[in-house]
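**Student:** I'd like to ask you about the structure that follows.
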Amino acid sequence: MKLYHQYKKTRSRRSRAFLSRILSLFLLQFFAPAHTHSQTAANFEKPAPILSGTAGFLTSVTAGQTVLDTQFNPVLLVPLGEHWLVESRGEFEGEFQRQPDGSFGGPVNKHLDYLQADYIANPYLTVTVGRFLTPFGIFNERLYPMWIRALQPDPLILPVATAASDGTMLRGGFPLNTRANFNYAAYVSVTSIGVDGVESERHVGGRAGFFLSGPRLEVGVSWQKVLQDDRKNAVGFHLGWQPRPVPLSVHAEVVRSDQGSGYWVEGAYRLSQAPFWEKAMRRTEVVARAQQYFSGNISSDAAQSLGLPAANTWEADFGVNYFLKDGLKAVASYGRQLSSAGNFNQWTFGIAYRFLIPLGREAAP
Amino acid sequence: MKPVPVLVFAIILGFTALAGSSNKKETSAVTPVTHATDADSMRSLGEQRFRANCGRCHAAPQKFPPRAMATVLRHMRVRATITDEDMRLVLFYMTQ
C-alpha cells in the first residue's frame with residue numbers, strides 16, 4: 001500500500017513537471033518578442049488616426065407596419081506607436097413610425113458598441129482591454145456593419161451569446177502551414193452593467209477557427225459560459241466559404257443555448273459572370289438566406305426582451321444589392337417569417353454608405 | 001492524472017509547434033516581403049492574400065492613402081484575426 005502511494009506521488013510529481021514544461025513552451029511561443037513584426041512594420045508608412053464608419057437609411061415594412069430606420073455608426077481608429085490601436089464604434093439609430101396624427105416619429109437610440117485598446121504583443125497574440133464585441137460566431141464581429149452585411153435584417157439567432165463584453169480578451173491568428181491559418185479568441189467579461197445604452201454581462205468564452213486558403217473555407221467553433229443568473233453555456237459553429245470558380249460568398253452559423261437554438265445559412269452571388277448587361281451585372285449581387293429558430297428554456301417575454309422570437313420560427317429572405325460605387329450600395333430584400341406567433345412579410349429598401357476620413361493633414365493623400 | 005487536460009495541452013502545443021515550424025517555412029516563403037526587389041511578385045502575393053482574407057467578409061474596397069490603409073490593416077488584423085504575414089502583404093498590395 002505504501003509503495004502504491006509512493007508510486008502515485010512520484011507519478012503526480014512527474015505529471016505536474018510535464019504539465020509545467022508544456023505550459024512554459026506554450027507561453028514561450030505566445031509571448032515571444034515582436035521581433036518579426038517590428039522589423040517589417042518599419043518598412044511601411046506610419047499608421048494615422050482615421051474616422052470611418054457607416055451611414056444608412058432603410059425603409060422597412062414588417063407585417064404592414066412601416067419603419068423609417070436611419071443609422072449612423074462612426075468608427076474611430078487611433079494607432080499609437082507600433083503595437084497599439086485604440087478603437088471605438090458608436091451607434092445612433094432613429095426608428096420612426098407613423099404616429100396617430102399621421103406624422104412619423106420615434107426614438108433615437110444611442111449605443112456604445114465598443115471602446116477598446118488593442119496591444120499587438122507579437123505575431124501570435126493581441127491583448128484587448130475595454131468594451132469589445134463578443135467574438136461568438138462571425139456575424140456579430142465581422143458581418144454586422146450595414147455596408148458589409150448582404151441582407152439588412154439581422155439573423156434571428158444574433159442576440160444569442162453576443163451581449164457586449166467589458167473585460168479583456170486574448171486573440172490572434174497565425175499560419176499553421178502555407179495553406180491553413182488558425183485563429184483564436186479567449187475572453188472574460190467582468191462586469192454586469194444594465195444602464196441604458198451601456199449594457200453588458202459577466203461571461204467567459206472563446207472561439208477558434210481555421211481558414212484554408214486553397215478552397216477559401218473558414219470553419220470555427222465558439223463557446224460561452226454566463227457567470228451570472230443561471231450560468232448557462234452556449235455553443236456555436238460558423239462557416240464561411242468563397243469558392244474560387246464562382247463569385248459566391250456563403251456564410252452560416254449554428255447556435256445552441258438555453259435562450260434558444262437555431263441556424264442561418266446565406267449565399268450572396270455577384271452577377272459578374274452574366275453574359276448580358278455586363279456593366280450593371282458586375283455591380284449586382286443577389287442574396288438568399290434561410291434560417292430557423294427554436295425557442296429555449298426562457299419565457300416568450302424574456303426572449304422578446306432579448307430580441308429573440310417568442311416562438312419557434314422559420315424565415316426565408318431574398319435580396320438584391322447594387323453597388324453604385326465603392327462603399328455605396330442600394331439594397332432591397334423580401335422576407336417571409338412563419339411561426340406559431342403569426343406569419344408575416346418583411347420588405348426592406350434602402351441605401352448604405354461606408355465612409356473613411358483620414359484625420360490630420362499628414363494622413364491625407 | 002486526468003488525460004483530458006494533457007490532451008488539450010498536447011493539441012495546443014501541437015498547433016503552436018506547427019505554427020512555429022510553419023512560420024519558419026512561411027517566413028522563408030514571405031522573405032521577399034522584406035528583402036526581394038521584385039515588387040511585382042509581392043503585389044501578386046498581396047492580391048492573393050487580399051482576395052482570400054478581405055473577401056471573406058466584404059467586397060473589395062478602393063485604395064486609401066497609405067497611412068490610412070496602414071491603420072485599416074491594423075484594425076482588420078485585430079478584428080478579422082488576419083495573420084501578420086497576410087497583413088504585411090495586403091498592405092504592400094494596397095499601398096504600392
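**Student:** Starting from residues that are among the aromatic types (Phe, Trp, Tyr) and out of contact with any Ser or Thr (no Cβ under 7 Å at 6 or more places or on another chain), keep the ones in the range A:260-306 and report whichever is surrounded by the most Cβ atoms within 10 Å (Cβ to Cβ). Quick ask: steps written out before the conclusion?
**Tutor:** To start, the set of residues in the range A:260-306 that are among the aromatic types (Phe, Trp, Tyr) comprises A:263-264, A:269, A:276-277, A:293-294.
Checking the rest, the ones that are also out of contact with any Ser or Thr (no Cβ under 7 Å at 6 or more places or on another chain) come to A:263-264, A:269, A:276-277.
Values: A:263: 19, A:264: 24, A:269: 17, A:276: 7, A:277: 10.
Applying the filter and picking the extreme gives A:264.
**Student:** In addition: Quick check on the range A:211-238: of everything there that is within 30 Å of residue A:175 (Cβ to Cβ) and aliphatic (A, V, I, L, M), which residue is farthest from the chain's Cα centre (by Cα)?
**Tutor:** A:212
**Student:** While we're on this one: On the basis of being farther than 30 Å from residue A:51 by Cα, in a helix (DSSP H, G or I) and within 14 Å of chain B (Cβ to nearest Cβ), does residue A:305 make the cut?
**Tutor:** no
**Student:** Hey, can you tell me all the residues within the range B:48-61 that are among the hydrophobic types (A, V, I, L, M, F, W, C) and either more than 7 Å from chain A (Cβ to nearest Cβ) or assigned to a loop (DSSP other than H, G, I, E, B) (or both)?
**Tutor:** B:50, B:54, B:57, B:59, B:60
**Student:** Turning to a different aspect of this structure: Yes or no: residue A:226 surrounded by fewer than 22 Cβ atoms within 10 Å (Cβ to Cβ), in contact with a strand residue (DSSP E or B) (Cβ under 6 Å, 6 or more places away or on another chain) and of a type in the set (Val, Ile, Thr)? Reasoning before the result, please.
**Tutor:** Working: surrounded by fewer than 22 Cβ atoms within 10 Å (Cβ to Cβ): no; in contact with a strand residue (DSSP E or B) (Cβ under 6 Å, 6 or more places away or on another chain): yes; of a type in the set (Val, Ile, Thr): yes.
When the stated conditions are applied, residue A:226 does not pass them.
**Student:** How about the range A:129-146: which of its residues are surrounded by fewer than 24 Cβ atoms within 10 Å (Cβ to Cβ) and of a type outside the set (D, E, K, R)?
**Tutor:** A:129, A:130, A:133, A:139, A:140, A:143, A:144, A:145, A:146
**Student:** Show the residue pairs that are 6+ apart or on different chains and have beta-carbon atoms under 7 Å apart, the first residue being within the range B:62-90 and facing another protein chain (nearest Cβ under 7 Å) and in contact (Cβ under 8 Å) with a residue 40 or more places away in the chain, the second being outside any loop (DSSP other than H, G, I, E, B) and not hydrophobic (A, V, I, L, M, F, W, C).
**Tutor:** So the pair list comes out as B:85/A:175; B:85/B:26; B:88/A:40.
**Student:** Related question: Being in contact (Cβ under 8 Å) with a residue 40 or more places away in the chain, aliphatic (A, V, I, L, M) and either at the interface with chain B (Cβ under 10 Å from one of its Cβ atoms) or not in a strand (DSSP E or B) (or both) is true for just one of A:208, A:268, A:234. Which residue is that?
**Tutor:** Criteria check complete, one pass: A:268.
**Student:** Give just the number: which of (1) among the aliphatic types (A, V, I, L, M); (2) surrounded by 23 or more Cβ atoms within 10 Å (Cβ to Cβ); (3) out of contact with any Ser or Thr (no Cβ under 7 Å at 6 or more places or on another chain); (4) assigned to a strand (DSSP E or B) does residue A:169 not satisfy?
**Tutor:** So the condition that residue A:169 fails would be (3).
Read the figures in this text as sums done on the coordinates, not as results from a lab. Note that the structure is a prediction, hence the values are computed from the model and not measured. FYI the Cβ positions are ideal-geometry reconstructions off the backbone, even for glycines, and counts take in every protein chain you see.
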